[in-house]
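K.L.:
Supplied in structure tokens, the structure appears directly below.
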Amino acid sequence: MKRIFLILVALLPLICSCNSREKAFREDIEAFREEIGNVGLAVAVVKDNRIVYHENFGVADLETGAPVQDNSLFRIASISKSFSAVSILQLVEKGLVTLDTDASTLAGFPIRNPKYPDTVITLEMMLSHTSSLNDSQGYFSIDSINPETNPDCALCYNDYEPGTGYEYCNLNFNLIGTFIEKLSGERFDNYVRAHVLEPLHLYGGYCVDSLDASRFVKLYAYNSEEDRMVESTAAYEPRSEQISNYRFGYDAPLFSPTGGMKISACDLARYMMMHMGYGTSPDGVQIISEESSRSMQTPRSDDEHYGLAMCITDERIPGVTLVGHTGGAYGLRSAMFFAPDRSFGLVMMSSGTRIDESGPRNVINGTLTRLYEHFCK
């Protein structure tokens, strides 16, 4: 009994310190939320292979006032690209394809920049946004780049040679989704669930109909003319009718491999820990090899420092190099970043704000900076 008492006495300063940090962060973030008019927010902090802090703020539904909870699901937008990249890298490791594979051989129609017809556009180029593709013709359907369905498909290509320039392009990853289907024989959303989410014991997915809709955090965009937050209903729009007529290996954009993942903050943090462990989770589940994971985190473009669905940046938190990705759509802003050399990682998801400017009132940078200052510095 005396030993237990002494242990508790020894731990007391640590417990008080943790409570003090959490209290200070809550006060800081609540003031920030009020300043920018944030509707709902979920955050998580990882240190030394475990989640050391997670919390939720605000509401998941302005109409009902239901709070954001630990199991609340956000559509995380472009962070979703990393799930697509992990999935295609699994198929690379199985020997079904290589990063140098010509995208045309998988698409079933030519994917060639007409200004550089002899230059192969590879999977690596698509995963790193160096393919010379753009979103000018849309990216919600592969029809936009298919010569048989779009006579203006040449406009999908930029003026520079593939592999020599960078432009962020959602079409790249919606195409990757179709390739995953053709290579694996599984529908895109089912593949990610079976080979990435379930092995890591995560709840989430791309298909709205397969998830508990009561857990969705509604997303809001600010309407300045009406001075109010407006729900973005398209964020969780079911695609039941389109799925019933699904064309395997062509209609993967229905699930948005480029931005359609729905997941909670804590589960995204657990997924992030797999990347922090270079492909292996803290409990030893290997999703991709260390070589593949390091490849994702290696920049392919000098100015943008973009790897394979991962960005390497020191602009989010001054003086700290971070690896990860952001997301933005329908009023949502999300971020998943970790510092490989410091063993910490940060996750945030915001469902909408009245103000989201560059600088200190940017919801992503403002939240990440506060998490770092209070828990990681």
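Read the figures in this text as sums done on the coordinates, not as results from a lab. None of these values were measured; they are calculated from a predicted model. Note that we place each Cβ from the backbone using ideal geometry, even for glycine, and neighbour counts take in every protein chain shown.
K.L.:
Please enumerate the residues belonging to the stretch 58-72 that are in contact with a helix residue (DSSP H, G or I) (Cβ under 8 Å, 6 or more places away or on another chain), farther than 19 Å from V208 by Cβ and surrounded by 18 or more Cβ atoms within 10 Å (Cβ to Cβ).
P.N.:
G58
K.L.:
Something else about it: Looking only at the stretch 271-281, decide whether some residue is farther than 17 Å from T321 by Cα and in contact with a Phe, Trp or Tyr (Cβ under 6 Å, 6 or more places away or on another chain).
P.N.:
No; the residues of the stretch 271-281 include none that is farther than 17 Å from T321 by Cα and in contact with a Phe, Trp or Tyr (Cβ under 6 Å, 6 or more places away or on another chain).
K.L.:
Considering only the stretch 214-259, state which residues are assigned to a helix (DSSP H, G or I), among the hydroxyl-bearing types (S, T, Y) and crowded, with 18+ Cβ neighbours inside 10 Å.
P.N.:
Y236
K.L.:
Here's a follow-up. I'd like the full set of residues that are farther than 22 Å from S78 by Cβ, in contact (Cβ under 8 Å) with a residue 24 or more places away in the chain and of a type in the set (G, A, S), limited to the stretch 244-260.
P.N.:
Within the stretch 244-260, just G249 meets the criteria.
K.L.:
Sort out for me the strands (runs of 3 or more DSSP E) sitting completely within the stretch 279-375 that have 1 or more residues that are crowded, with 20+ Cβ neighbours inside 10 Å and of a type in the set (G, A, S).
P.N.:
Details: elements: 311-317, 320-329, 332-339, 344-350.
So the answer is 320-329, 332-339, 344-350.
K.L.:
Tell me which residues, restricted to the stretch 73-91, are in contact with a helix residue (DSSP H, G or I) (Cβ under 7 Å, 6 or more places away or on another chain) and not β-branched (V, I, T).
P.N.:
If the condition is that a residue be in contact with a helix residue (DSSP H, G or I) (Cβ under 7 Å, 6 or more places away or on another chain) and not β-branched (V, I, T), then L73, R75, K81, F83, S84, A85, S87, L89, Q90, L91 are the ones that fit.
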